[in-house]
1. Quick one: in segment 22-37, which of the residues that are of a type in the set (V, I, T) and more than 11 Å from ligand 2 (Cβ to nearest atom) is surrounded by the fewest Cβ atoms within 10 Å (Cβ to Cβ)?
2. Taking only segment 93-122 into account, find how many residues are away from ligand 2 (no atom under 11 Å from the Cβ), of a type outside the set (A, V, I, L, M) and under 24 Å from the mean Cα position of the chain (by Cα).
3. Say we look at segment 264-291 and pick out the residues that are more than 15 Å from the chain's Cα centre (by Cα) and either over 18 Å from A342 (Cβ atoms) or of a type in the set (A, V, I, L, M, F, W, C) (or both); which of these is surrounded by the fewest Cβ atoms within 10 Å (Cβ to Cβ)?
4. If W215 satisfies every condition in (1) in contact (Cβ under 8 Å) with a residue 12 or more places away in the chain; (2) open to solvent by less than 80 Å² (accessible area, probe 1.4 Å); (3) farther than 16 Å from V300 by Cβ but one, which is the exception?
5. Looking at G67, is it open to solvent by less than 20 Å² (accessible area, probe 1.4 Å), modelled with pLDDT of 80 or more and part of a helix (DSSP H, G or I)?
6. Residue by residue through segment 188-218, note down the ones that are under 18 Å from R272 (Cβ atoms) and not charged (D, E, K, R).
7. Name the one entry in T127, T58 that is farther than 25 Å from I29 by Cα and among the β-branched types (V, I, T).
8. A133 - would you say it is in the same structural domain as V75 (by TED's automatic domain parsing), more than 10 Å from ligand 2 (Cβ to nearest atom), in a loop (DSSP other than H, G, I, E, B) and open to solvent by 40 Å² or more (accessible area, probe 1.4 Å)?
Amino acid sequence: MNSLATDPSGINPLLTMPRPIQALPDQLISQIAAGEVIERPSAVVKELLENALDAGATQINVRLEQGGVKRIAIVDNGRGIPPDQMPLALARHATSKIATLNDLESVLTLGFRGEALASIASVAQLTLTSRTAEEAHAWEMSGASASIAPIPASGAQGTTVDVSDLYFNTPARRKFLKTEQTEFGHCAEVVRRIALARPDVSFSLSHNGKTVDHWNVADIAKRSSHILGNEFSAARLYVEEAAGPLRLSGFVGLPTASRVRADCQYFYVNGRFVRDKLLTHAVRAAYQDVLHGDRYPSYVIRLDLDPTLVDVNVHPSKIEVRFRDSRGVHQFVFHAVSRALAQTSATAHGAAPAPVPANPGALPWMRTPQQATFASQFAPSTGSAHGVAQDLASYGALFSGMRADPAESGNLYRDANARTGGTTPWIATGAEQDEHPLGFALAQLHGIFVLAQNTRGLVLVDMHAAHERILYEEFKGALDADAVQVQPLLIPVTFHADPIETGTVEEHPEVLRSLGFDITVLSPTTLAVRAVPALLKNADAQNLARDVLRDVREFGGSRVLLERRNEMLGTLACHTAVRANRNLTIPEMNALLRQMEMTERADQCNHGRPTWVQLALTDLDRLFLRGQ
Ligand code: ADP
Ligand code: MG
């Protein structure tokens, strides 16, 4: 029996509206597409900015009125559109960016679907004005006149797209819009995202006739300072790593730059802003040791890889991506960010909190996707699935069981130094090169702080926090060194599993073993847990196995395991660490300083608070207004 006929409302929509199947008119198709691609003014801004960048613009001005609903006008100085192609630019599924499936798989432009201008023109008044270098003047046409040839107009080289009265003909959509200020906020965020990806382009943004932002051409260090503000630039670390086909660069904020909301997280894949679960998770996991769970890290990170290894065509607005080797990418991002954060250990702690290479212009950040050299940096991708898997596997081997090797620590600093000829101003000299960068203890203050003197001035240490961090890392190091202790179960725990779970067991036996699990497939629907990590022997084996299998499948490692272990370590360390109000002797205090120097991340305790601060002589001078 047809369920529609028994619908309790008694209305069968198929019966009240009997209609033959028919092809939809173009305009309606575009309006349907518009629902996905341009759900609000900020999405129009995004599409138009991406077009300007794809056209090689170096200067882009964005003018908004009434949150973009009344008007969005974007002027670029890019290569323009020849007049005979202007009607096509406005047509649906017409693009200059790809022509074949092959092109789609290796696309480096931001756009390629050929539907943005058509979609926008279907729900707003759109005027396109453009001039190429060859034309003596600009040409203009409106979205409504797509079938009529453009008419002469005035204007410099480049393109202006002027969109007004957004959703004038789709009132239902209009109702979903928020207040003018909110819509403007979304638009401004889109401009920020894109401006962060392209510091080599100047941007300006105005709203209701007032200039809101203006960023000149800069490097990523400056651009990110301008956009994210001092709080971020005063507490960030430069990160740059490459492995096989993957390259990551950018800035990660120290815990002191963390936020109560995830509003300062900028991740780019091949120059495209993405909000991707896998990547967000990888970064989050890297912060796990230094950041309390209710804080969100701040970062601006760019991941570059051969475009054939990532599918950007999985989401209409391309905000999510799919990697061919998601596990390899997760591990790479996780390790790169973890290593950068581990650099905050006492020995590498320089005077300047924002280690920025002197010459970021040479950094991969500035390599725009359009540059022809880009693709050639990567090995040709012919039959690359295997080759890449191998690259990533050898990469994984490089890091498996990696603990901070003290010789590794400071690598970024050294590399950057070499790259810029050793003149990088943020490389601290003198104090940092002594054997004892944290200096020697002078006294204890109220049983809470240790005061020490080093060549730069005064060092203040939070005793309890520092000791907690040392213990935590010690516990962790001991665990890692033994690999994971395994606890065989006297009676194996069997449980009913779904095909994905049994598949994971069959596919990743070595990962599970390295995590301390012995799980076997008894039948296509039954799994048996024969051993668990000794640390977690009291946990419910079935639930634990399920969580671990899910993690192994999704991330190639076990978040659950790490989280539980670190929680436990944190508690253990906290209970064993020196309590405040305990009097330490000078030799004890010096021993603490020496241990801190040897301990990774000694300047952040495991709740994300700093464990020590440096007050340089110049800071002290300033306190007394000396030299002013
Ligand atoms: P897509 O960007 O996916 O190709 P669009 O509908 O956004 O689709 O744009 C259609 C075509 O119009 C583009 O392929 C490009 O050739 C041209 N175009 C759009 N905007 C610009 C611009 N600002 N400068 C130069 N060409 C443009
Ligand atoms: Mg486009």
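The values are calculated or read from the model by the stated rules, or taken from the named source; none is laboratory data. Source: prediction; values computed, not measured. Here the Cβ positions follow ideal geometry from the backbone for every residue, glycine too, while neighbour counts run over all protein chains shown. For the accessible areas, the whole protein counts, side chains as well, though only heavy atoms, and no ligand, DNA or RNA atoms are used. Shrake-Rupley method; radii C 1.70, N 1.55, O 1.52, S 1.80 Å.
1. Let us first name the residues in segment 22-37 that are of a type in the set (V, I, T), namely 29, 32, 37.
Of the ones still in play, those that are also more than 11 Å from ligand 2 (Cβ to nearest atom) are 29, 32.
Numbers: I29: 17, I32: 13.
Of everything passing the filter in segment 22-37, I32 is surrounded by the fewest Cβ atoms within 10 Å (Cβ to Cβ).
2. Here the count works out to 2.
3. Start the filter on segment 264-291 by keeping residues that are more than 15 Å from the chain's Cα centre (by Cα), which leaves 288-291.
Imposing the further condition that a residue be either over 18 Å from A342 (Cβ atoms) or of a type in the set (A, V, I, L, M, F, W, C) (or both) reduces the set to 290-291.
On the way: V290: 25, L291: 21.
In this case the residue turns out to be L291.
4. For W215, the exception is condition (3).
5. yes
6. Just the residues of segment 188-218 that are under 18 Å from R272 (Cβ atoms), to begin with: 189-201, 203.
If the condition is that a residue be under 18 Å from R272 (Cβ atoms) and not charged (D, E, K, R), then V190, V191, I194, A195, L196, A197, P199, V201, F203 are the ones that fit.
7. Details: T127 fails: farther than 25 Å from I29 by Cα.
On inspection, the qualifying residue turns out to be T58.
8. On the way: in the same structural domain as V75 (by TED's automatic domain parsing): yes; more than 10 Å from ligand 2 (Cβ to nearest atom): yes; in a loop (DSSP other than H, G, I, E, B): yes; open to solvent by 40 Å² or more (accessible area, probe 1.4 Å): yes.
When the stated conditions are applied, A133 passes them.
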